[in-house]
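Have a look at this one before I ask anything.
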């Protein structure tokens with residue numbers, strides 16, 4: 001076994017080149033065994049094994065900076081950089097992260113989790129190295145999906161202008177390029193990066209320049225001919241137009257070829273893009289055949305590839321998907337938009353049923369919202385389904401293009417609150433805080449999946465900007481109304497009448513608040529519960545009424561306390577001269593929440609039923 005002796009990149013470099021394919025096979029088996037037990041990102045990691053081995057074999061991490069875009073493909077990197085024995089804890093509570101994380105290892109040059117950041121970060125490191133007089137490399141590894149993000153092109157544009165020593169590895173597992181072109185181009189790339197060819201090219205340039213009168217013209221002609229040939233034979237003309245030298249496409253599973261090219265480019269100057277073709281799920285047939293199902297996967301049976309059935313209760317995402325389809329059957333003006341997440345946001349069935357009304361814009365949340373705003377301006381009813389954490393990338397578009405113009409776009413924010421194993425880069429715990437202060441935006445959160453249906457219909461037909469946040473995971477299995485009703489905007493509901501204390505909850509915290517109230521009542525504290533429904537506008541009349549009745553309020557939210565739902569309640573009380581009402585706020589504290597199961601994280605934060613009850617009992621003292 002080779003892998004058991006690899007605890008750092010320096011151990012890897014002790015292997016002979018001919019041993020590397022054997023190591024790749026061992027790593028694939030290791031990944032399958034561990035990810036099948038814990039879950040995680042499988043397909044992208046199986047596809048990047050050889051690429052990662054070659055990078056660490058040819059470059060010198062942590063002196064050379066390897067930046068992984070998103071980090072879905074960085075498991076082999078973690079295994080080779082001293083975390084093999086901890087790998088069974090990845091994405092587990094108190095274990096290592098599923099993404100590169102600077103505090104976890106000196107080999108994690110940049111923390112990631114959201115897409116399209118690697119080239120910008122790598123260019124920053126390349127510029128820093130240049131100013132410091134350092135000779136290290138900056139290598140950004142980005143997938144073809146992440147390259148659809150606008151920030152990636154902004155970084156490419158500046159990199160071509162600055163001419164710093166930046167290497168961009170495009171890990172392409174989607175685009176279709178013929179084998180003949182790929183084989184010939186990989187041959188050309190290897191030869192054109194060799195020392196002999198580079199030295200010959202420099203000598204010829206010098207010779208041509210010294211020919212009196214006509215030398216410069218011949219040199220210009222030669223360069224045009226070379227560029228025309230490369231543009232005809234390779235798909236790299238776009239990158240060369242941006243100022244990059246382009247190599248590829250290369251077979252991303254041919255270690256001999258990768259090592260040869262990476263050793264050659266060690267000595268190249270200026271911005272360089274190396275195009276690598278890989279297969280998602282490489283080496284595991286179920287993942288190769290259905291890579292979308294094995295991108296992020298729960299624990300599964302290796303022999304069969306079968307993932308155990310989910311709980312019978314439908315998820316909020318599933319209910320959202322079914323509801324928008326039902327509403328769209330009756331209204332041809334309803335359109336659905338997502339940013340590279342049709343499956344994750346529950347829109348696959350909508351896409352199948354109404355392909356002309358479904359738009360996946362790629363990893364481009366900013367564009368998605370302005371695109372939606374444009375459709376709303378012309379009379380359609382767009383629903384933009386985007387994870388809460390990714391909507392952060394489009395804050396200005398919510399402000400400038402939707403709210404300022406009061407356009408009726410529905411923001412369906414899936415994964416609001418703690419999401420579990422993906423950790424702090426993916427928890428959607430800031431959206432109330434970063435949206436609540438925007439004028440003309442109404443904000444809702446359902447207590448259960450039936451209320452989600454009502455809120456979606458309310459949002460679509462409100463004719464104003466609306467946001468709707470709902471959590472990851474299963475609902476409560478509540479009965480569904482046969483007819484989807486709309487809600488009165490800004491109207492909450494009192495679920496329990498109390499005399500001693502009122503818990504005002506929003507969204508996913510309402511049911512835990514009810515459970516806590518039941519416990520408190522049994523222990524002599526007459527506790528009421530209000531389902532606020534709306535973060536903005538608040539049901540001021542209801543909230544002020546219960547505040548006067550009990551004089552004590554606990555607010556509960558699965559959002560940051562700073563500027564969140566509880567802050568809105570405090571503002572309401574202050575504006576109505578009710579500062580004498582005692583208020584305790586429960587929610588996400590002022591630090592990033594690590595990864596773990598949703599249940600465990602809610603328990604740690606103190607927003608599960610036990611935490612709410614304990615806080616209430618202490619509050620009453």
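So how compact is the chain: Cα radius of gyration and Dmax in angstrom?
Looking at the chain, its Cα Rg and Dmax stand at 27.7, 102 Å.
Now, a different point. Let me have the 222 nm mean residue ellipticity of the chain computed from DSSP H runs of 4+ only, each contributing -39500 (n - 2.57), with the sum over all residues rounded to the nearest 500. Provide the component values of the computation, followed by the final result.
On the way: 24 runs with 250 residues, N = 621.
Computed mean residue ellipticity for the chain: -12000 deg cm²/dmol.
Would you order 341, 131 from fewest to most other beta-carbon atoms within 10 Å of each residue's own beta-carbon? Please report the intermediate quantities before stating the final value.
Values: 341 18, 131 9.
If I rank by nearby Cβ atoms, fewest first, I get 131, 341.
Order 272-280, 545-553 from most to least packed using the mean count of other Cβ atoms within 10 Å.
Values: 272-280: 23.4, 545-553: 18.1.
Most protected by this proxy first, the peptides run 272-280, 545-553.
List the relative contact order of the stretch 235-305 as a percent without decimals, with contacts defined as Cα pairs under 8 Å and 6+ residues apart. Write out the running numbers ahead of the final one.
Values: 60 pairs, mean separation 19.4, N = 71.
Rounded, it is 27 percent for the stretch 235-305.
Under the rule a/c < 1.5 gives rounded, and otherwise a/b versus b/c splits prolate from oblate, where does the stretch 493-620 land using the Cα gyration tensor? Walk me through the numbers before you get to the answer.
Numbers: a/c = 1.77, a/b = 1.22, b/c = 1.45.
Note, shape of the stretch 493-620 comes out oblate.
Let me make sure I get this right: for the stretch 316-469, a, b and c are the square roots of the gyration tensor eigenvalues over alpha carbons, sorted descending. Under 1.5 in a/c it's rounded, otherwise prolate if a/b > b/c, else oblate. Which is it? Let's see the in-between values first.
Working: a/c = 1.31, a/b = 1.09, b/c = 1.20.
Note, shape of the stretch 316-469 comes out rounded.
Also, I was wondering about something else. Would you mind calculating the relative contact order of the chain from Cα pairs under 8 angstrom and at least 6 residues apart, reporting the percent as a whole number?
Values: 1240 pairs, mean separation 69.3, N = 621.
Taking the mean separation of contacting Cα pairs over the length of the chain, I get 11 percent.
I'd like to compare 471-477, 85-91: which one has the highest average count of other Cβ atoms within 10 Å, and what's the full order after that?
On the way: 471-477: 18.9, 85-91: 16.4.
Answer by packing, highest mean first, reads 471-477, 85-91.
Roughly speaking, what is the centre-to-centre gap between the stretch 267-308 and the stretch 572-598 when only Cα atoms are used, to the nearest Å?
42
So, one more: Order these peptides, 64-75, 593-604, by their mean beta-carbon neighbour count within 10 angstrom, highest first. Could you put the intermediate results ahead of the total?
Details: 64-75: 26.8, 593-604: 18.0.
Answer by packing, highest mean first, reads 64-75, 593-604.
Most exposed first by the Cβ proxy, i.e. fewest other Cβ within 10 Å, how do 14, 163 rank? Intermediate values should be presented prior to the final figure.
Values: 14 9, 163 14.
If I rank by nearby Cβ atoms, fewest first, I get 14, 163.
While we're looking at this one, here's another question. Compute the relative contact order of the stretch 493-620 as a whole-number percentage, counting only Cα pairs closer than 8 Å that sit 6 or more residues apart in sequence. List each step's numbers first, then the result.
Working: 217 pairs, mean separation 35.5, N = 128.
Computed over the stretch 493-620, the figure is 28 percent.
Taking 0.36 nm per intervening residue step and subtracting the Cα-Cα distance, what contour gain separates residue 154 from residue 4 on full extension?
Using 0.36 nm per residue and subtracting the Cα-Cα distance, I get 49.8 nm.
Values in this text are rule-based calculations from the coordinates and carry no lab data. Keep in mind it's a predicted model, so treat the numbers as computed, not measured. Glycine gets a Cβ as well: all are built from the backbone with ideal geometry, and neighbour counts include every protein chain shown.
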